[in-house]
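The values are calculated or read from the model by the stated rules, or taken from the named source; none is laboratory data. Since we're looking at a predicted model, the values are computed, not measured. FYI the Cβ positions are ideal-geometry reconstructions off the backbone, even for glycines, and counts take in every protein chain you see. Note: accessible area is taken over every heavy atom of the protein model, side chains too, but ligands, DNA and RNA are not part of it. Shrake-Rupley method; radii C 1.70, N 1.55, O 1.52, S 1.80 Å.
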Amino acid sequence: MEHLNKGIAQKVAIKGHVCVTGASGYVASWLVKRLLSSGYCVKGTVRDPGNYKKLEHLWQLEGAEERLQLVKADLMEEGSFDEAVMGCEGVFHTASPVLGANTDPKAEILDPAIKGTLNVLRSCKKNPYLKRVVLTSSSAAVRARDNFDPKIPLDESSWSCVDLCERLKIWYALAKTLAERSAWEFAKENDMDLVTVLPSFVIGPSLPRDLCSTASDVLALLKGDSENFSCHGRMGYVHIDDVARCHILVYEDATARGRYLCSSTVLENHELASLLGERYPLLPIPKRFESGWSSRRSYYEFNTIKLRSLGFKFKSVEEMFDDCIASLKEQGHSLKSEASLP
Ligand code: NAP
């Protein structure tokens, strides 16, 4: 992980003001780290700025003392982001619930994602300094379909099928698809410069001590529990540092337009299991996964030429997991399976 920190302690040229929504989250924290190390002044939104324990990792970032400000905002409160985005040239909207099983998908996922995105964009519209908004969407807004030719890799022209998501109750994919669609409509109607980033499953070091749901799934997998991972089926993977670098690249590159798929490698569960099993023979990586509905998912690949043509290079799956494991150990998470404990 050392290579990721290189250069951070060096003096950086100060850049403009940007806002990151949901700054304490897994992806956003790494984005804040990268923005600070590139010289930006960052206004991050959080739901509870007084919760020092939850935000400690942000205050410990290089440059945070001088150039990080945290302000309170909630996706479900109209006008809540007015203060946070005001004066910022760039807004990175990452805040969105990332949840699995839900009792009330509308209240828990759909409304915060869709209404919340429009709420943030309405605040952006009031800001005369705004140049560009970068929205964190997801590859889930591309791949939840059953009507495509598996021989043609999915690219940014593909949209997940709303009917299919509703029928199969894939609430997260539905939320990300409808949120991104709403954002594009809003941007068009309001002549707003919007670019979207669509990461696949994000792997890598976690700055927050409390692991988010995806990072918890990875920890469970490394400890030999395949239950949550079984449901992922065929999945694209991307390093968290690539996701942060991609957000900054498409913000800074004036030629960037539209959607950008951000995914390094697509693997079947069993391919991931054998890769991890060989690389980390001392960890109890499951040898096989239960075959649930997701194993009936169609074969697909991702075509990421659009991002790579901006000069972007992806890190490998091995680097993702090496960095993830190093970070879990550093944070004191045990990688021993519960079953093997005395
Ligand atoms: P995360 O750690 O759970 O972060 C989600 C963030 O959203 C948190 O900061 C959370 O704030 C905030 N949030 C949720 N509901 C909110 C509300 N009502 N008002 C204000 N903030 C709210 O998840 P993540 O993995 O970093 O996800 C960040 C973004 O990346 C999301 O848009 C997600 O869809 C996207 N993404 C993630 C992955 C992945 O594999 N992790 C892949 C593709 C796309 P609190 O801390 O206050 O709860």
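Candidates ALA140, ALA144, ALA107: the one that is small (Gly, Ala, Ser) and surrounded by fewer than 19 Cβ atoms within 10 Å (Cβ to Cβ) is ALA107.
For the stretch 54-108, a residue qualifies if it is of a type in the set (Val, Ile, Thr), within 13 Å of the ligand (Cβ to nearest atom) and at pLDDT 95 or above, and the qualifying residues are VAL71, THR94.
Please determine whether any residue of the stretch 181-198 is within 13 Å of the ligand (Cβ to nearest atom) and under 30 Å from PRO286 (Cα atoms).
Among the residues of the stretch 181-198, at least one is within 13 Å of the ligand (Cβ to nearest atom) and under 30 Å from PRO286 (Cα atoms), which makes the answer yes.
Scanning the stretch 81-120 for residues that are part of a loop (DSSP other than H, G, I, E, B) and out of contact with any strand residue (DSSP E or B) (no Cβ under 8 Å at 6 or more places or on another chain) yields MET86, PRO97, VAL98, LEU99, GLY100, ALA101, ASN102, THR103, ASP104. I'd like to check something: does the stretch 121-132 contain any residue that is in a loop (DSSP other than H, G, I, E, B), buried (at least 20 other Cβ atoms within 10 Å of the Cβ), in contact (Cβ under 8 Å) with a residue 12 or more places away in the chain and more than 10 Å from the ligand (Cβ to nearest atom)? So far as the stretch 121-132 goes, yes, one or more of its residues are in a loop (DSSP other than H, G, I, E, B), buried (at least 20 other Cβ atoms within 10 Å of the Cβ), in contact (Cβ under 8 Å) with a residue 12 or more places away in the chain and more than 10 Å from the ligand (Cβ to nearest atom).
Every condition in (1) open to solvent by less than 10 Å² (accessible area, probe 1.4 Å); (2) modelled with pLDDT of 90 or more; (3) among the β-branched types (Val, Ile, Thr) holds for VAL218 except the one numbered (2).
Of everything in the stretch 15-52, what is modelled with pLDDT under 95 and under 13 Å from ARG209 (Cα atoms)? Give them in sequence order. Correct list: TYR52 only.
Can you tell me which of (1) of a type outside the set (Val, Ile, Thr); (2) touching a residue at least 40 places away in the same chain (Cβ under 8 Å); (3) over 30 Å from LEU335 (Cα atoms) is the one HIS232 doesn't meet? With (1) of a type outside the set (Val, Ile, Thr); (2) touching a residue at least 40 places away in the same chain (Cβ under 8 Å); (3) over 30 Å from LEU335 (Cα atoms) applied to HIS232, the lone miss is (3). If you go through the stretch 204-215 and keep only what is near the ligand (Cβ under 9 Å from one of its atoms) and crowded, with 22+ Cβ neighbours inside 10 Å, you end up with SER206, ALA215. Being of a type outside the set (D, E, K, R), farther than 21 Å from LYS336 by Cβ and more than 14 Å from the ligand (Cβ to nearest atom) is a property that holds for ALA254.
Out of everything in the stretch 325-341 that is modelled with pLDDT under 90 and part of a helix (DSSP H, G or I), what residue ends up being surrounded by the most Cβ atoms within 10 Å (Cβ to Cβ)? Filtering first and then ranking leaves GLU338. Restricting attention to the stretch 14-40, the residues being part of a loop (DSSP other than H, G, I, E, B), near the ligand (Cβ under 9 Å from one of its atoms) and either open to solvent by 30 Å² or more (accessible area, probe 1.4 Å) or closer than 14 Å to GLN60 by Cβ (or both) number 2. Looking across the stretch 147-165, the residues that are open to solvent by 40 Å² or more (accessible area, probe 1.4 Å) and in contact with a strand residue (DSSP E or B) (Cβ under 7 Å, 6 or more places away or on another chain) come down to PRO153, ASP155.
Checking each residue of the stretch 226-234 against the condition of being out of contact with any Ser or Thr (no Cβ under 7 Å at 6 or more places or on another chain), within 16 Å of the ligand (Cβ to nearest atom) and over 24 Å from TYR299 (Cα atoms) gives no match.
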